[in-house]
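**Student:** Next up is a structure, given as structure tokens.
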Amino acid sequence: MRADALSGAICMGRAARLNRAGEGITPPGVLGALRRIDPSDLGDVLWAITTRCEPAEQTDIIRDAWSSALHPRIPLDAKLAGVTSHSKAIIDACCPFAWKDKFPPASSLTPDEARIIEAKWGAALKTPS
């Protein structure tokens, strides 16, 4: 097993276990993704989810997960009643381990190719303002 695939499996398993057990405050969503993903770049995150995730197999919804009264999604009346739980999503956007040797490489344009296409088609592709 490759180290990156193993660490991804361990991280996703740990995220699921922590959310189910209520150990620690975790964010409302956990995304597991390996290689070439910048978690601070929403484009990278969405790319990983849409190209690597089979939602029926790689998404868990954990209901009534422990949280904090500071969470903005918990209604005020529920907070006043002492409710500090809400649901969380765990999305596994790692390449499937069973396909580790067959998963298609990512395709993208080089900066030069992007400039050539923009020069040729840029005016046609711009949205009217």
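Here, each number is a calculation from the coordinates, and none is a lab measurement. Just so it is clear, the model here is predicted, and its values are computed rather than measured. Cβ sites come from the backbone with ideal geometry, for glycine too, and all protein chains shown count toward neighbours.
**Student:** Provide the net charge surrounding LYS126, with neighbours chosen by a C-beta distance below 15 Å and charges set as Lys +1, Arg +1, Asp -1, Glu -1.
**Tutor:** 0
**Student:** Just to be sure I understand the model, the point goes 7 Å from the Cα along the line to the Cβ. What's the resulting ALA69 to LYS120 distance in nm?
**Tutor:** Once both label points are built, they end up 6.2 nm from each other.
**Student:** Classify region 82-122 as rounded, prolate or oblate from the Cα gyration tensor: take a ≥ b ≥ c as the square roots of its eigenvalues, call it rounded if a/c is under 1.5, otherwise prolate when a/b beats b/c and oblate if not.
**Tutor:** oblate
**Student:** Which length gain, in nm to one decimal place, applies between ASP112 and ALA98 when the Cα-Cα distance is subtracted from 0.36 nm times their residue separation?
**Tutor:** This chain segment gains 1.6 nm when fully extended.
**Student:** Under the Karplus relation 6.51 cos²θ - 1.76 cosθ + 1.60, θ = phi - 60°, what is the ordered set of whole-Hz ³J(HN,Hα) values for region 90-95, x standing for Gly and Pro?
**Tutor:** My calculation for region 90-95 gives 10, 10, 8, 10, 8, 4 Hz in order.
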